[in-house]
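Written below as structure tokens is the structure these notes are about.
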Amino acid sequence: MYRKTPPSIGYNLHMMNENGSSTLHKIMAGIFGLIFAASLIFMGYRVYTKPAYEAHEKEQTRILAVSAVTLLAERTAMEPSIWENFSDIDTELMIDHMKIRGNWAVKVFIVKKDGYVEVTSSVTSGWNSRSPQSAEYRAQVYRDGRTVFVGEGSAVTPEGKTEPLGKIHTFRFPDEMKKVPVQITAEEYLLTDAEGREFLILK
């Protein structure tokens, strides 16, 4: 025999369902509100810090380019005949940007001259940079390591504490299949200047 559900029980079940649905909607709305607020804070933070970030990125690019020139000058002083091992008059070498911290693209272009080599160091920000920058420095490097920078722009690396990061890179040709006649390595160092700013340099 069919028994009807008392109206009061049906009404209570209906109210429970509505209350549960309302609570769920409130929770979801609260979560969405928190995510939206966090997004606004994050966007505001990025806008607020962009000038300082951009200035640091420019300085980092400059310092990294200068350090690459200095590194090659020191290697030349240690081995004055190093560039005679390269058969071509001009040589382009690079560091794998997928391995260096920050994915920086570091390239050097060496041209043999009478009594010295002309080194052009170019550095470009990595793919994950918020404000991509680039820098290029050209210098004459003599057999004893003496370096004369050509053109404008400061070629001075700030003083500070340097700490090795334990990563060593080998310069290679753009064509990875081509063997470099002399191994030229560069080790990553973290430079902390007097203001507490940190920069990546090569030694």
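The values are calculated or read from the model by the stated rules, or taken from the named source; none is laboratory data. Note that the structure is a prediction, hence the values are computed from the model and not measured. Glycine gets a Cβ as well: all are built from the backbone with ideal geometry, and neighbour counts include every protein chain shown. With ligands, DNA and RNA removed, areas are computed over all heavy atoms of the protein, side chains included. Shrake-Rupley method; radii C 1.70, N 1.55, O 1.52, S 1.80 Å.
Structure values in brief
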read-out	value
Extended-chain gain in nm, criterion 0.36 nm per residue less alpha-carbon gap, residue 194 and residue 35	53.4 nm
Sequence-separation-based contact order of the range 116-174, relative, with Cα cut under 8 Å and 6+ spacing, percent	25 percent
Long-range amide H partners of residue 184 with built H, under 5 Å	171
The range 83-203, relative contact order in percent, only Cα pairs under 8 angstrom and at least six apart counted	19 percent
HN-Hα J in Hz across the range 93-100 - Karplus 6.51, -1.76, 1.60, θ = phi - 60°, x for Gly and Pro	10, 8, 10, 4, 5, 6, 9, 7
Estimated distance in nm for a label pair at residue 142 and residue 101, the labels positioned 7 Å out from Cα along Cα-to-Cβ	3.4 nm
Share of carbon and sulfur in the accessible heavy-atom surface of the range 86-173 [1.4 Å probe, %]	48 percent
The range 89-163, accessible area per residue, ligands and nucleic acids excluded (1.4 Å, Å²)	58 Å²
Centre separation in Å (Cα based) which lies between the range 179-197 and the range 96-119	12 Å
For the range 48-163, convex hull of alpha carbons as volume per residue, Å³	124 Å³
